[in-house]
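J.: I am attaching a structure below and will ask some questions about it afterwards.
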Amino acid sequence: MLSRRDDPFPFEAIRDLLGLMRSLYAAQVAEGAPSADLAPIARVGKDLQEALALAAASKPGTVGYAAAWKRAEEATARAGDLVGNTMGARPVVKAAVRRVDR
């Protein structure tokens, strides 16, 4: 069961995290990562996109709004697990720069 959520949805933070996931995905592709390594990153990105869309379409206190929060929180936790403590930021930042500077 979903708990009622009335607090403001963190749109900006979720968009930032989505951007980081996109950069991480691009960095992994550039390094030749296999599909099995890319799939979890893509799932997190998809869940973040869906959370943003659901939150935008829902009002605070509704089931949809609570579902958006839940999806965002779960995706955020999985994103943290993906990155871990050993991955450096350099490949991710370089991938983001390449995407902007085409």
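J.: Picking from Ala42, Ala13, Ala79, which is most flexible by a Gaussian network model of the chain using Cα springs under 10 Å?
T.: Comparing Ala42, Ala13, Ala79 in a Gaussian network model of the chain, the most mobile one is Ala13.
J.: Next up: Can you tell which of Arg90, Arg71, Arg43 shows the greatest fluctuation in a Gaussian network model of the chain with Cα springs below 10 Å?
T.: Arg90
J.: Here's another thing I want to ask about it. By Kyte-Doolittle mean hydropathy of at least -1.0 and Cα axial length of at least 18 Å, which whole DSSP H helices of the chain are selected?
T.: Working: long enough: 11-30 (28 Å, 0.69); 35-57 (32 Å, 0.57); 63-83 (30 Å, -0.11).
Membrane-span-like by this rule: 11-30, 35-57, 63-83.
J.: Taking springs between alpha-carbon atoms closer than 10 angstrom, which of Glu73, Glu31, Glu50 fluctuates most in the Gaussian network model of the chain?
T.: Comparing Glu73, Glu31, Glu50 in a Gaussian network model of the chain, the most mobile one is Glu31.
J.: Among the lysines, which have Cα under 30 Å from the Cα of Lys94 when same-chain residues fewer than 8 positions away are ignored?
T.: Lys46
J.: May I pose another question? With each label point set 7 Å from Cα along the Cα-Cβ vector, what nm distance links Lys59 and Asp81?
T.: 3.6
J.: Treat every Asp and Glu Cβ in the range 41-92 as -1 and every Lys and Arg Cβ as +1, leave all other atoms uncharged, and give the resulting dipole magnitude about the Cα centre to the nearest 20 debye.
T.: Values: 7 positive and 5 negative charges, 17 e Å.
That gives a dipole near 80 debye.
J.: Let me know the charge dipole size of the chain about its Cα centre in debye, to the nearest 20, where only the beta-carbon of Lys, Arg (+1) and Asp, Glu (-1) is charged.
T.: Details: 15 positive and 12 negative charges, 49 e Å.
Computed charge dipole of the chain: roughly 240 debye.
J.: Counting each DSSP H run of 4 or more residues in the chain as -39500 (n - 2.57), what helix-only mean residue ellipticity at 222 nm follows after dividing by all residues, to the nearest 500 deg cm²/dmol?
T.: Numbers: 4 runs with 75 residues, N = 102.
Dividing the helical sum by the residues of the chain leaves -25000 deg cm²/dmol.
J.: Rounded to a whole number, what % of the accessible area of the chain do carbon and sulfur atoms account for, probe 1.4 Å?
T.: 56
J.: What does the accessible area per residue of the chain come to in Å², with a 1.4 Å probe and no ligands, DNA or RNA counted? Walk me through the numbers before you get to the answer.
T.: Values: 6560 Å² over 102 residues.
Accessible area per residue: 64 Å².
The values are calculated or read from the model by the stated rules, or taken from the named source; none is laboratory data. What you see is a predicted model; the values in this text were computed from it and never measured. Note that each Cβ is placed from the backbone with ideal geometry, even for glycine, and that neighbours are counted across all protein chains shown. The protein model used for the area step is the full one, side chains on, heavy atoms only, and it has no ligands, DNA or RNA in it. Shrake-Rupley method; radii C 1.70, N 1.55, O 1.52, S 1.80 Å.
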